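Engineer: Here's a structure for you.
The values are calculated or read from the model by the stated rules, or taken from the named source; none is laboratory data. Nothing here was measured: the structure is a model prediction, and the numbers come from that model. Every residue, glycine as well, gets a Cβ built from its backbone with ideal geometry; the counts of neighbours run over all protein chains shown. We work out accessible area using only protein heavy atoms, side chains counted, and drop any ligands, DNA or RNA first. Shrake-Rupley method; radii C 1.70, N 1.55, O 1.52, S 1.80 Å.
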Amino acid sequence: GAGKEIPIAVVSNDLRGHSGIIDHVVTSTGDGTNAPVYINVATQQISANVMDNEEAGVMILAGNQNLRVFEDVSASLAALTLASYALVLTKAPAEPVRISAVPTRKDGTALNGIALNGQPNGAVFIFDQTNWFKPQIVTVTAYDDAVVEGTEFLEIKHTAIEGNFAGDGSSYDNLAIRRMVVEVVDNDKAGVLIAKTGDSNQVIEGGADDTYSVVLTEAPTADVIVTVSGDSQTSIVGATDGSRTFTFTSTDWNTP
C-alpha cells in the first residue's frame, strides 16, 4: 500500500551458478597494546560459484582461467599449457544426456585448428543415472600446421540433449551451457607470449614476489633479446639499472 517500502531481492546468477560469499574475520589474542596492527583489519571476501542440485545444469570444471595450447608440443612448454577441463551434471537426469563439445571460431564457423579428445569435429559425452556426478574430461590439442595464423582465441560450444529428442521438454534439452575459450599459440608466426602464473600477478610491498613466463612463439633466425623493466611500483628480481634481459636462440626459443 501507499507509504510502505517493499524490499527488492537481487540475485546474481549466470552459467557459472549463483554467487556465494566466503567471509574472513581477523581476531587477535593481543590486548591492543602488543598487537595493535591486527585489530579491526578488513579482509577480502571470496566469491564462490554455487550450482543448484535441484535444477538441471552442466558444470564446467576449469577454474577461471582460459585454456592454452601450442602447435609446438615441446616438453618445455608443458608448464604453460592448460589443455583440459571437465564436464559434470548437477542433477540426476531421467534419461541419458548427451553433451556435445564442438570447436568453433569466434564468428561461429567451424574449424579444424584444434581437436577435442582427438576428434576435429568435437566430442560427445554421455551421462546417465549411474555416472551423472562423475566428471568427464575434455582434452584439447592444436594441429601443427604450416599456416601462418598467429595466436588465436577460439571457442568451444556445448549443447545438451536428454533422451532421443531435443524438443520433448526434458530438463537438459537445449540447456544453456557456458562456452570455453582456447588460446591457440601458432608456431609459424613470430611473437612473444607473456604467460601469467595463475589468474593474475600479485606482490606484496617488501614481502611476497610473484612470477610470470616469457617465451617466443616461432624459432628465430638470430638471437632475440627481450628486456623486462619495472616502474615506480614494481621491481624485477635480478635487474640491473631497473631492467633485466632474456636472450632466446634458435635452440631454446621455446623454453620459457
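Engineer: What shape does the stretch 184-256 take by its C-alpha gyration tensor, where a ≥ b ≥ c are the square roots of the eigenvalues and a/c under 1.5 counts as rounded, a/b above b/c as prolate, and the rest as oblate?
Structural biologist: Details: a/c = 3.00, a/b = 1.67, b/c = 1.80.
Since a/c reaches 1.5 but b/c is at least a/b, the shape of the stretch 184-256 is classed as oblate.
Engineer: Can you work out the FRET efficiency for the pair A62 and H24, with r the C-beta to C-beta distance and R0 = 30 Å, to the nearest 0.05? Mind dumping the intermediate values first?
Structural biologist: Working: r = 25 Å, r/R0 = 0.84.
That pair, A62 with H24, gives E of 0.75.
Engineer: Work out how much length I194 to S232 would gain on full extension: take 0.36 nm times their residue separation and subtract the Cα-Cα distance, in nm to one decimal. Please list the in-between numbers first.
Structural biologist: Working: separation 38, 0.36 × 38 = 13.68 nm, distance 2.10 nm.
Contour length minus Cα-Cα distance gives 11.6 nm.
Engineer: Here's a follow-up. What Rg and what Dmax come out for the stretch 111-256 when only alpha-carbon atoms are used, in angstroms?
Structural biologist: Cα-based Rg and Dmax for the stretch 111-256 come out at 21.9, 69 Å.
Engineer: Leaving ligands and nucleic acids out of the surface, order F133, F165, F70 by accessible area at 1.4 Å, largest first. Intermediate results must be reported in sequence, preceding the final value.
Structural biologist: On the way: F133 110, F165 140, F70 20 Å².
The ranking, largest first, comes out as F165, F133, F70.
Engineer: Could you pull the accessible area for S232 with a 1.4 Å probe, rounded to 10 Å²?
Structural biologist: 110 Å²
Engineer: Take the solvent-accessible surface of the protein heavy atoms, probe 1.4 Å, and return the percent of it on the stretch 114-163 that carbon and sulfur atoms account for. Spell out each step's value before the answer.
Structural biologist: Values: 1470 of 2570 Å².
Looking at the stretch 114-163 in its full context, I get 57 percent from C and S.
Engineer: I would also like to ask the following. How much accessible area per residue does the stretch 102-256 have, counting only protein heavy atoms and a probe of 1.4 Å, in square angstrom?
Structural biologist: On the way: 9170 Å² over 155 residues.
Roughly 59 Å² per residue, with all protein chains present.
Engineer: What length, rounded to one decimal in nm, is gained on full extension from E55 through to A176, with 0.36 nm per residue of separation minus their alpha-carbon distance? Mind showing how you got there, number by number?
Structural biologist: Numbers: separation 121, 0.36 × 121 = 43.56 nm, distance 1.25 nm.
Between E55 and A176, full extension yields 42.3 nm more.
Engineer: Keeping all protein chains in place and using 1.4 angstrom, which order do Y212, Y85 fall into by accessible surface area, from largest down? Write down the numbers at each step before the final one.
Structural biologist: Working: Y212 105, Y85 5 Å².
My answer, sorted largest first, is Y212, Y85.
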